[in-house]
Amino acid sequence: MSARSNILNKLRAGLAGTSPRPDDFDESLVTRPWQYAPEDRITRLRSLMEAVHTEVHQLTRAEWPARVQSLLEQRGLSNLLYAPGTEHGRQLAEHWRHSAAKPDLLVYDRPVEDWKEELFWNVDASITGTVGGIAATGSLVLWPDRHEPRLMSLLPPLHIALLRASEVEDNLYGMMQKQNWSAGLPTNLLLVSGPSKTADIEQVLAYGAHGPKELVVLILEDA
């Protein structure tokens, strides 16, 4: 019998003759202080994120690829890493084909092990989707998968994140309930509230020490 089986059997044996405690969780403790009028959610999210040097733009779903092109060209960046297997990735590639954009599109189409060298040294920017935003903390919620692994948002100097306006929730608990996370949690979840920063050295705040120096959020309206 394996060590794992031994441990599990001991745990089961220890529960013999016991009864579960009633669930006295009070939902209001984690929701009531962090609720906002629907029209105030994006305003609060923007305020908190911009306070920590995040650049935020609100635009329509048809406009965002051109804005991405403009952001890259304004900064003089030479490439952008994207995931072709996503809906926004296909929309971006279609725009690039018709606009003669100067920055190169780098296609994430290999195992992450094959990308590490390029991600660390050669990728100027990346673009990913999100599963929503949290007004209470001014945070993006990223759900990495095989199309967009977490290194896409953690390594390039510029991270561009797409956020649907309709997916900005009051608080994390509300998002978990609305999206039914109990049916299947991710193996990894990222909460991003701004570009990477640290004050470990002489208490001087520095950006980009452990990740992107810049975070740009494009909030996509339904129109």
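Regarding Glu214, is this residue within 23 Å of His88 (Cα to Cα), modelled with pLDDT of 95 or more, of a type outside the set (A, V, I, L, M, F, W, C) and surrounded by 12 or more Cβ atoms within 10 Å (Cβ to Cβ)?
Answer is yes for this residue.
Residue check: is Pro156 modelled with pLDDT under 95 and more than 17 Å from His57 (Cα to Cα)?
yes
Ala199 passes all but one of (1) small (Gly, Ala, Ser); (2) over 21 Å from Ala135 (Cβ atoms); (3) buried (at least 16 other Cβ atoms within 10 Å of the Cβ); which number fails?
Failed condition: (3).
Tell me the residue from Leu71, Leu106, Leu77, Leu48 that is touching a residue at least 60 places away in the same chain (Cβ under 8 Å) and more than 28 Å from Thr137 (Cβ to Cβ), please.
Answer to the check: Leu77.
When you look at Glu27, is it within 23 Å of the chain's Cα centre (by Cα) and of a type in the set (Asp, Glu), yes or no?
No, not satisfied.
Is at least one residue of segment 84-102 of a type outside the set (Asp, Glu), touching a strand residue (DSSP E or B) at 6+ places or on another chain (Cβ under 6 Å) and touching a residue at least 60 places away in the same chain (Cβ under 8 Å)?
Yes, segment 84-102 contains at least one residue that is of a type outside the set (Asp, Glu), touching a strand residue (DSSP E or B) at 6+ places or on another chain (Cβ under 6 Å) and touching a residue at least 60 places away in the same chain (Cβ under 8 Å).
Go through (1) over 24 Å from the mean Cα position of the chain (by Cα); (2) under 18 Å from Leu158 (Cα atoms) one by one and return the number of the condition His57 breaks.
(1)
May I ask you to list the residues in segment 108-125 that are of a type outside the set (D, E, K, R), surrounded by 12 or more Cβ atoms within 10 Å (Cβ to Cβ) and in contact with a Leu (Cβ under 8 Å, 6 or more places away or on another chain)?
Hits for segment 108-125 are Tyr108, Val112, Trp115, Leu119, Val123, Ala125.
Name the single residue, out of those in segment 14-48 being among the small types (Gly, Ala, Ser) and at pLDDT 90 or above, that is nearest to Asp170 (Cα to Cα).
Among them, the one singled out is Ala37.
Over 15 Å from the mean Cα position of the chain (by Cα) and small (Gly, Ala, Ser): which single residue out of Ala135, Ala161, Ala83, Ala101 fits that description?
Residue meeting the stated conditions: Ala101.
The values are calculated or read from the model by the stated rules, or taken from the named source; none is laboratory data. Just so it is clear, the model here is predicted, and its values are computed rather than measured. Don't worry about glycine lacking a Cβ; one is built from the backbone with ideal geometry, like all the others, and counts go over all protein chains shown.
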